[in-house]
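Have a look at the structure below before the remarks.
The values are calculated or read from the model by the stated rules, or taken from the named source; none is laboratory data. In this text, all values refer to a predicted model and were calculated from it rather than measured experimentally. Backbone-built Cβ (ideal geometry, glycine too); neighbour counts: all protein chains shown. The area values use the complete protein model at the heavy-atom level, side chains included, leaving out ligands, DNA and RNA. Shrake-Rupley method; radii C 1.70, N 1.55, O 1.52, S 1.80 Å.
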Amino acid sequence: MKIFLDTANLAQIKEAQSLGLLDGVTTNPSLMAKENIQDAEEYRRRIRQICEWVDGPVSAECVTATSEEMVREGRELSEIHPNVVVKVPLIKNGLIACQRLHEEGIRVNVTLCFTALQAWMAAKAGATFISPFVGRLDDVGEDGMNLIRDIKTIYGNYHFKTEILVASVRHPIHVLEAARIGADVVTLPFDVLEKLMKHPLTDIGQARFLKDWEQRPLKATSKKPAASI
Ligand code: E4P
């Protein structure tokens, strides 16, 4: 299962990158706004910077509404860098744009997916990635991971190539379940990535190992000090 980082923050991307485990990045307009990105020029500059650091797909989301606008914007975004994957919302206009961009050879991530039938439509429209939002479903009392199971079954039934990119991940259990189901990708907020590497018993065990080694009983040396020979 590939690991993407769900952020537009360069420091977080740099740190995750240093682990050597990062396969890609997803951004969205909210994450860009959080980074104080002011206009389209800065938006594109940030996408370019991320692409130059990350050797893998970098999702850049359209901020337009009609299918024509999304196609135009998608083309422009895709020209920023070969790593760019254009992100469109799972609405009628987004699916039309997805199909057109796909026909032009541009990779598309269809986002804001909340049902398995939406995911099926996106696959038929040629999406490279489908982004089901598990955390937001949990928030409204549904089981987000059931959606991943359903999409996995449907895509398997019809041999769709669209990759399941588990999004809106809130905690390590989402990641564990995604891996059990066989999702293709999880996109993680930085804090969840850090939590994946931690366990209190690991910390206690490591502290004990180091202490025991420090306090090991040393054998009395058989050699006499040079001065007394
Ligand atoms: C990723 O592509 C999504 O935009 C993101 O995971 C949404 O996460 P949120 O529900 O925490 O905003």
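Things worth noting here:
- For segment 62-80, the set of residues classified as surrounded by 22 or more Cβ atoms within 10 Å (Cβ to Cβ) and among the hydrophobic types (A, V, I, L, M, F, W, C) consists of CYS62, MET70, VAL71, LEU77, listed by residue number.
- Condition check for ARG149: modelled with pLDDT of 95 or more, in contact with a helix residue (DSSP H, G or I) (Cβ under 7 Å, 6 or more places away or on another chain), assigned to a loop (DSSP other than H, G, I, E, B) and open to solvent by 80 Å² or more (accessible area, probe 1.4 Å): no
- Residue within segment 6-26 that is among the acidic types (Asp, Glu), out of contact with any helix residue (DSSP H, G or I) (no Cβ under 8 Å at 6 or more places or on another chain) and part of a helix (DSSP H, G or I) present: no
- Any hit, segment 167-174, residues being among the aliphatic types (A, V, I, L, M) and either touching a residue at least 24 places away in the same chain (Cβ under 8 Å) or surrounded by 12 or more Cβ atoms within 10 Å (Cβ to Cβ) (or both): yes
- Any hit, segment 52-72, residues being more than 15 Å from the chain's Cα centre (by Cα), at pLDDT 95 or above, more than 23 Å from LEU176 (Cα to Cα) and within 14 Å of the ligand (Cβ to nearest atom): yes
- Residue check for LYS2: loosely packed, with under 15 Cβ neighbours inside 10 Å and either within 16 Å of the ligand (Cβ to nearest atom) or under 17 Å from ASN109 (Cα atoms) (or both): no
- Residue ID - farthest from GLY144 (Cα to Cα), chosen from residues in segment 81-109 that are open to solvent by less than 30 Å² (accessible area, probe 1.4 Å) and among the β-branched types (Val, Ile, Thr): ILE106
Residue by residue, here is whether (1) surrounded by 10 or more Cβ atoms within 10 Å (Cβ to Cβ); (2) modelled with pLDDT of 95 or more; (3) more than 26 Å from LEU101 (Cβ to Cβ); (4) away from the ligand (no atom under 15 Å from the Cβ) holds:
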position: THR128; (1), (2), (3), (4): yes, yes, no, no
position: GLY141; (1), (2), (3), (4): no, yes, yes, yes
position: MET145; (1), (2), (3), (4): yes, yes, yes, no
position: ASN157; (1), (2), (3), (4): no, yes, no, yes
position: GLU163; (1), (2), (3), (4): yes, yes, no, no
position: THR187; (1), (2), (3), (4): yes, yes, no, no
position: LEU201; (1), (2), (3), (4): no, yes, yes, yes
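- Cβ-Cβ under 6 Å pairs, at least 6 apart or on other chains, segment 180-199 side more than 18 Å from PRO57 (Cβ to Cβ), far side among the aliphatic types (A, V, I, L, M) and open to solvent by less than 10 Å² (accessible area, probe 1.4 Å): ILE181/ILE148; VAL192/VAL169
- Sole exception among (1) within 13 Å of the ligand (Cβ to nearest atom); (2) under 27 Å from TYR158 (Cα atoms); (3) open to solvent by less than 30 Å² (accessible area, probe 1.4 Å) for LEU112, by number: (3)
- Some residue of segment 91-113 being touching a residue at least 40 places away in the same chain (Cβ under 8 Å), farther than 18 Å from THR162 by Cβ, part of a helix (DSSP H, G or I) and not hydrophobic (A, V, I, L, M, F, W, C): no
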